[in-house]
Amino acid sequence: MYRFKKELFINIKINQGRIADEIGISRQYINGVINNRYNCRKIVAYAMTKLINSNAEINDYFERV
């Protein structure tokens, strides 16, 4: 499972709604992941990372728990 590094969301230029629409999961779930209410699976962490920055790695935005 992966936990989002919340302090990094300030610098992200993409909104939660677009992330949710592109990945195909609910906005509530994305909001919970970003606000550390939920941990997510690797595939969700990967998809979010690539939407935020196509050159980034999962470890740039998430920590493994």
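Where residues in segment 1-16 are touching a Lys or Arg at 6+ places or on another chain (Cβ under 9 Å) and surrounded by 15 or more Cβ atoms within 10 Å (Cβ to Cβ), which of them is modelled with the lowest pLDDT? Across segment 1-16, the extreme among qualifying residues is Gln16. Out of Ile52, Ile30, Ile25, Ile19, one residue alone is open to solvent by less than 80 Å² (accessible area, probe 1.4 Å) and either touching a residue at least 40 places away in the same chain (Cβ under 8 Å) or among the charged types (D, E, K, R) (or both). It is Ile52.
The values are calculated or read from the model by the stated rules, or taken from the named source; none is laboratory data. This one's a predicted model, so the numbers in the text were calculated from it and none came from an experiment. Using ideal geometry, Cβ is built from the backbone for each residue, glycine included, and neighbour counts are taken over all protein chains shown. Just so you know, the surface numbers come from the protein's heavy atoms only, side chains and all, with ligands and any DNA or RNA stripped out. Shrake-Rupley method; radii C 1.70, N 1.55, O 1.52, S 1.80 Å.
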